[in-house]
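The values are calculated or read from the model by the stated rules, or taken from the named source; none is laboratory data. Here the structure is a predicted model, which means the values were calculated and not measured. Every residue, glycine among them, receives a Cβ derived from its backbone with ideal geometry; neighbour counts consider all protein chains shown.
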Amino acid sequence: MEEDWISITEAAARLTARGDAVDRSTLSRYLKQHSEALALRPSGKSNLVEFGALLEHRQANVRLRPIAAQPNPAPTAAGRVGAPAPRFAGSQSDGAARKAQADAELREMDLAERRKELTPVAEVDQAGRDAVVLMQSAFERAVESEAASLSLKYGWDERTIRLALKSFIKIGLGVFNREILMRLDAARREEEAGEGGLADTKEGMALQ
């Protein structure tokens, strides 16, 4: 059977969707409590858990088993007429799972922000632009010495060499700059889409 190593946040969301409502912090404590049976695999600054083993362990845990509900007596004819039918049971369950996952993601992002593990896209954008300027300045300073060196070594005209090197630098930096801007723009759109998705989830739960 293929192993399925996922983050604790995703594991909490999957369990919640299966009816085992649990948030990330609670699941993290559960994994520490049963560390001998449920091993964790480091992945960068976070840990991964094997979902199949986790699911089997929680299903076998007697303390987590739901208490069997008592059978309800059959409704009378009057009861059937007067009692309204339950509405949107499935959508409410899905909404609860989405809200639990959104809350877990928000808590994880908040913790990462407090630990200084997150870098705003705007700061990355500015750092990228500064790096391009520094790189261009370094290349321009190198042109003079390289042009003189190549002129002496191969007998080429120094002015022609200088123009050629500057042209290569301009083309290369242009390609590099476009790639960086495209990636930063994609990261910014992904960040805005994530924030919008969390807001839509909360708004949907408020309307239910």
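Residues in the stretch 1-17 that are modelled with pLDDT of 90 or more, out of contact with any Asp or Glu (no Cβ under 7 Å at 6 or more places or on another chain) and surrounded by fewer than 20 Cβ atoms within 10 Å (Cβ to Cβ): Ile6, Ser7, Glu10, Arg14, Ala17.
For the stretch 135-149, what are the residues that are exposed (fewer than 12 other Cβ atoms within 10 Å of the Cβ) and either within 39 Å of the chain's Cα centre (by Cα) or closer than 10 Å to Lys166 by Cα (or both)? The answer is Ser137, Ala138.
Within the stretch 18-39, if we keep just the residues that are assigned to a helix (DSSP H, G or I) and in contact (Cβ under 8 Å) with a residue 40 or more places away in the chain, the residue that is surrounded by the most Cβ atoms within 10 Å (Cβ to Cβ) turns out to be Arg24. Of the residues contained in the stretch 32-46, none is found to be modelled with pLDDT of 90 or more, in the same structural domain as Ala97 (by TED's automatic domain parsing) and within 19 Å of Ala100 (Cα to Cα).
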